[in-house]
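**Student:** Below are the structure tokens for one structure; questions will follow.
Taken together, the values in this text are just the output of simple stated rules run on the coordinates, not laboratory data. Computed from a predicted structure; not experimentally measured. Neighbour counts are summed over all protein chains in view; Cβ atoms, including those assigned to glycine, are modelled from backbone coordinates with ideal geometry.
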Amino acid sequence: MTQTLAPTKQQTRRIFVSVKMHDGDRFRGYVYLAQGERMQDLLNDERKFFPIQMNSEIGEMAILSKKFVVSIEEVDDAKARSFSFS
């Protein structure tokens, strides 16, 4: 008999970022990185898109295409706490 194992839950870090898109739009929210993963690892992996959590209270998400990202910048904790999602 073959037993299927449940996937292990990988620990992640939540990082507040500001993403600038090619058309000048900015998205601010949280991305999740695996332990030991760097921001450039997220941008350079094989996926064409990545999720960003736009509103931490209701869980609103956006899926961004990497080919249209101009820059992504980590925002420090103090600025992240003062940022309003409304």
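**Student:** Using 0.36 nm per residue of separation minus the Cα-Cα distance, give me the extension gain between residue 48 and residue 32 in nm, one decimal. Write down the numbers at each step before the final one.
**Tutor:** Values: separation 16, 0.36 × 16 = 5.76 nm, distance 1.59 nm.
So the chain would gain 4.2 nm between residue 48 and residue 32.
**Student:** Could you state the orientation-averaged shadow area of the convex hull built on the Cα atoms of the stretch 12-82, in nm² to one decimal?
**Tutor:** On the way: hull surface 19.4 nm².
Value for the stretch 12-82: 4.8 nm².
**Student:** What FRET efficiency do you get for residue 62 and residue 11 if R0 is 25 Å and r is their Cβ-Cβ distance, rounded to the nearest 0.05? Display every interim value, and only then the final one.
**Tutor:** Working: r = 23 Å, r/R0 = 0.94.
So the FRET efficiency works out to roughly 0.60.
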